[in-house]
């Protein structure tokens, strides 16, 4: 099978898959940068399809490592909403231009970053996970995850205020996104986003992604994450500004 050969692609893909690995290892949110990075050099849905087989393999490792501590209630609430979101994205993806998707990714990510910088922090609560907000945020996560692999921000909007123990939080994330990523396989096939070149490229990047994954498992247990997230948010913000600029420019030209 033929691989993608563009050197610029790999210059961007390598840090992107490392970010995915760290995200699946437990640094939730870091993987948000992966598709925006590749969207600088290829259609966003094509980039998302290249990452999907990698993420499914990483999910399997994450679910195994974190299988002992997770919230079944949160999973049961979020996933039905995610099914609705994935279905909506499937219906709409073929009718949305690449430029519009770049703008959508950029605006979604900028909103997430600004919320983290300036938004009102959720007040922790001890009660059971609420059902209706979980269905809403789950559907948004399913939609944004399918369109641009950006399901993390809306999902985190739901769970961050629950005062979950650290490992329950990480483990529940692993279960939710493992299921969500499998939901996207059929829509991506139906939309024609998988190709032999893309699959071959995914396989070539997989060893690096898995190494980053296992590194993330270790780092999440031993290292404070505040500075790491601060740097990641800055990178996300700059990438997203460029995506919005390029997308708006293409829309205006069209």
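The values are calculated or read from the model by the stated rules, or taken from the named source; none is laboratory data. Remember, it's a predicted structure, so these values are computed and weren't measured experimentally. For neighbour counting, all protein chains shown are included, and Cβ atoms are generated from backbone atoms with ideal geometry for every residue, glycine included.
Taking the conditions exactly as written (without any contact (Cβ under 8 Å) to a residue 24 or more places away in the chain and more than 14 Å from residue 183 (Cα to Cα)), does residue 15 satisfy them or not? So residue 15 fits the description; yes. A single member of 252, 186, 233, 238 is farther than 27 Å from residue 69 by Cα, under 15 Å from the mean Cα position of the chain (by Cα) and surrounded by fewer than 22 Cβ atoms within 10 Å (Cβ to Cβ), and it is 233.
Here 215, 228 are screened, and the one residue that is modelled with pLDDT of 80 or more, surrounded by fewer than 16 Cβ atoms within 10 Å (Cβ to Cβ), within 19 Å of residue 170 (Cβ to Cβ) and out of contact with any strand residue (DSSP E or B) (no Cβ under 6 Å at 6 or more places or on another chain) is 215. Here residue 5 passes the criteria (1) assigned to a loop (DSSP other than H, G, I, E, B); (2) buried (at least 17 other Cβ atoms within 10 Å of the Cβ); (3) without any contact (Cβ under 8 Å) to a residue 60 or more places away in the chain except the one numbered (2).
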